[in-house]
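Accompanying notes for the structure given below.
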Amino acid sequence: IKGTKTMAGKSAAAPLQGSVINLEAIREDARSELVEILELHQGSKLLVLDSGLGNLLSHVLTNASEVFEQNGVTQIMELGMDINMIAKGGGAMDFLHVLFFIRPNIDQCKMVAGQIHALQELNASIDRYNVYFAPHKTLLCEQVLEDEGVLDLVDFGEYQLNLVTLEKDVISLELEGSFRDIKLNGDNSPLHAVADSVMKLQRFFGVIPNVKSIG
């Protein structure tokens, strides 16, 4: 696989033996969902990752290169990177599918649009692009892609990466900028991710009698 060192190289997944609860189940849930998404798109794939999500996936996949190779991922590139870098790096432009994995924010949607326009110029055989939002899609993102002129080329999906196992005693939503989004921008969508994460924990481990928040 040609692509970013983070995803094609060594996994950052911490050993979870000795954790108080079965955190391996949470990691496996995230891994299985990702594999299911890749299996939906048969054939060779270009994976375009927000750099932050790429780092988080290295905590989910203990064998990233193997998982990607088995599921047809032939190229991995960072969101916002010049598409021409694929050809310059010796990569072929013969992939059948392009899958974007991004956070639901305006800047990343604009970068997706820019890369779709660039791919359209280089590889006209691809007529549909798949954009997966982690952990959820927003109406604002759809509007941005429509304004950028690529909405009709895009199929949407969601990757519910709302809990990441960082250590055997640490799980995190890794929602950078959520305080700013809620308090300054009036965007309460991060709270939806928080609620979903609590529901996921309860699905695995039973009803939580007391839920407390700090902040």
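The values are calculated or read from the model by the stated rules, or taken from the named source; none is laboratory data. Bear in mind the structure is a predicted one, so any value in this text is a computation, not a measurement. Neighbour counts are summed over all protein chains in view; Cβ atoms, including those assigned to glycine, are modelled from backbone coordinates with ideal geometry. With ligands, DNA and RNA removed, areas are computed over all heavy atoms of the protein, side chains included. Shrake-Rupley method; radii C 1.70, N 1.55, O 1.52, S 1.80 Å.
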Let me spell out the model: positive unit charges on the Cβ of Lys and Arg, negative unit charges on the Cβ of Asp and Glu, origin at the Cα centre of the chain. What dipole size does that give, in debye rounded to 20? 620
Rg/Rh for segment 70-215: what does it come to with C-alpha atoms and Rh from Kirkwood? 1.03
With every protein chain left in place and a probe of 1.4 Å, what is the accessible surface of CYS141, to the nearest 10 Å²? 0
Could you calculate, for segment 60-149, the ratio of the Cα radius of gyration to the Kirkwood radius, expressed as Rg to Rh? 0.97
Along the chain, longest interval not containing exposed trypsin sites (Lys or Arg not before Pro), exposed being DSSP loop plus at most 11 other Cβ atoms within 10 Å: 11-127
Given contacts defined as C-alpha pairs under 8 Å and at least six residues apart, what's the relative contact order of segment 147-208, whole-number percent? 22
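Kirkwood hydrodynamic radius (Cα pairs, Å) of segment 160-215?
One decimal place: 12.5 Å for the Kirkwood radius.
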Please compute the modelled spin-label separation between ASP169 and GLN70, points set 7 Å along Cα→Cβ, answer in nm with one decimal. 3.3
For GLY177, what charge total do you get from the other residues with a beta carbon under 14 Å from its beta carbon, if Lys and Arg give +1 and Asp and Glu give -1? -3
List the GluC sites (Glu not before Pro) within segment 159-201 that fall in a DSSP loop (any state other than H, G, I, E or B) and whose Cβ has at most 14 other Cβ atoms within 10 Å. GLU176
The chain, accessible surface, carbon-and-sulfur percent (1.4 angstrom probe): 52
Residue-normalised value, i.e. accessible area per residue, for segment 161-215 at 1.4 Å probe, in Å², stands at 72
Whole-Hz Karplus couplings 3J(HN,Hα) for segment 132-144, θ = phi - 60° and coefficients 6.51, -1.76, 1.60, Gly and Pro as x, run 9, 9, 10, x, 7, 8, 10, 5, 4, 5, 4, 5, 4
